[in-house]
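The values are calculated or read from the model by the stated rules, or taken from the named source; none is laboratory data. As the structure is a prediction and not an experimental result, all values here were calculated from the model. Note that we place each Cβ from the backbone using ideal geometry, even for glycine, and neighbour counts take in every protein chain shown.
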Amino acid sequence: MRFRGIVTGVLLILAAGILFSGCVPPPSTGGYPVAPTFDYVVPTTSYLRDCPGYDCGIVTELYSGDRVVILDRNDFGWARVQLDRTGAIGWLPNNLLSHSPVPASFYVSLTTVYLRSCADYNCPAVELLHRGDRVDKLDQDGRGWWRMRAFRSGQVGWIPASALSIRPGPPYYYVNVNSLALRSGPGTGYKVLTTLGLNSQVEVLGSGSGGWLQVRDARTAIIGWVYGRYLESFPVTSPRSAPKHRTPAKKGGQQSKESPRPSPKVM
């Protein structure tokens, strides 16, 4: 009798242990990784900067449709992001981002541009496109060229992103420095036709080598050339810092004295 009671007690203890272990949740394995939430760059071309301001250095160019992950935001309308395409990290204005992917269709914004067989100006031309022609984006590289399909002909090739716009019609850009020289040709050795001020609106007509763009001043209708780095696809709230002019050295190691220029012309 006593032996039976002992056996019964042991069985009850074992049963209680089994029930208790069934109520304890299994140890955590860390859960499933959470997929990142992407935002999308809206302008055809813009810049990722190394700090939150237009005076900051350029980390890399951004193109319409680029995916970014938001890392931080400040109180002045800037977001710190990581570019999904290259992993580069930097800042850009919040209003250049969209929660939804941007349309894959774009329009030629220059007067004419060649659809090329590879992503370089020296590549053979596939087709000559004109302003307003619709093209559909297929791919992009890391140097500002997009692989596109011409809507009318179906031809596939490469076009620089700076030659495209999300809307049909002339592409307007805005000067991002206090003073920018509009020149008669694509280089600093050409004659200055006029000077453009901060947020002056220009229409892009064509592009040349070395980053120079042919533009028409919207206010005066004067046509000339400017360096593309000093244009933005949207009005800016503060000017970008102009490069400092170096004073040439005189013979004997002495530098010539020159009065400071409050607002030097860029390029």
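Miscellaneous remarks
- Residue within the range 209-218 that is within 25 Å of N94 (Cβ to Cβ) and at pLDDT below 85 present: no
- Lone unmet requirement of (1) among the β-branched types (V, I, T); (2) out of contact with any helix residue (DSSP H, G or I) (no Cβ under 8 Å at 6 or more places or on another chain); (3) modelled with pLDDT of 85 or more for V177: (2)
- Scope the range 182-200; condition assigned to a strand (DSSP E or B) and out of contact with any Asp or Glu (no Cβ under 8 Å at 6 or more places or on another chain); matching residues: R183, V192, L193, T195, G197
- The residue that is modelled with the lowest pLDDT, counting only those in the range 236-250 that are touching a strand residue (DSSP E or B) at 6+ places or on another chain (Cβ under 7 Å) and surrounded by 14 or more Cβ atoms within 10 Å (Cβ to Cβ), is A242.
- Counting only strands (runs of 3 or more DSSP E) wholly contained in the range 32-105, the ones carrying 3 or more residues that are of a type outside the set (F, W, Y) and closer than 21 Å to S238 by Cβ occupy 45-49, 58-63, 78-83, 89-93.
- With respect to (1) at pLDDT below 85; (2) closer than 22 Å to I166 by Cβ; (3) among the hydroxyl-bearing types (S, T, Y), the lone exception for Y40 is condition (1).
- When the range 121-132 is limited to residues that are at negative phi and not in a strand (DSSP E or B), the one that is modelled with the lowest pLDDT turns out to be R131.
- Note on the range 207-225: among residues that are under 20 Å from the mean Cα position of the chain (by Cα) and in a strand (DSSP E or B), the one that is surrounded by the most Cβ atoms within 10 Å (Cβ to Cβ) is L213.
- Failed item, numbered, when V135 is tested on (1) buried (at least 17 other Cβ atoms within 10 Å of the Cβ); (2) farther than 13 Å from F106 by Cβ; (3) hydrophobic (A, V, I, L, M, F, W, C); (4) at pLDDT 90 or above: (2)
- Only residues that are without any contact (Cβ under 8 Å) to a residue 40 or more places away in the chain, farther than 21 Å from P43 by Cβ, touching a Lys or Arg at 6+ places or on another chain (Cβ under 9 Å) and not aliphatic (A, V, I, L, M) were counted across the range 128-154, and they come to 2.
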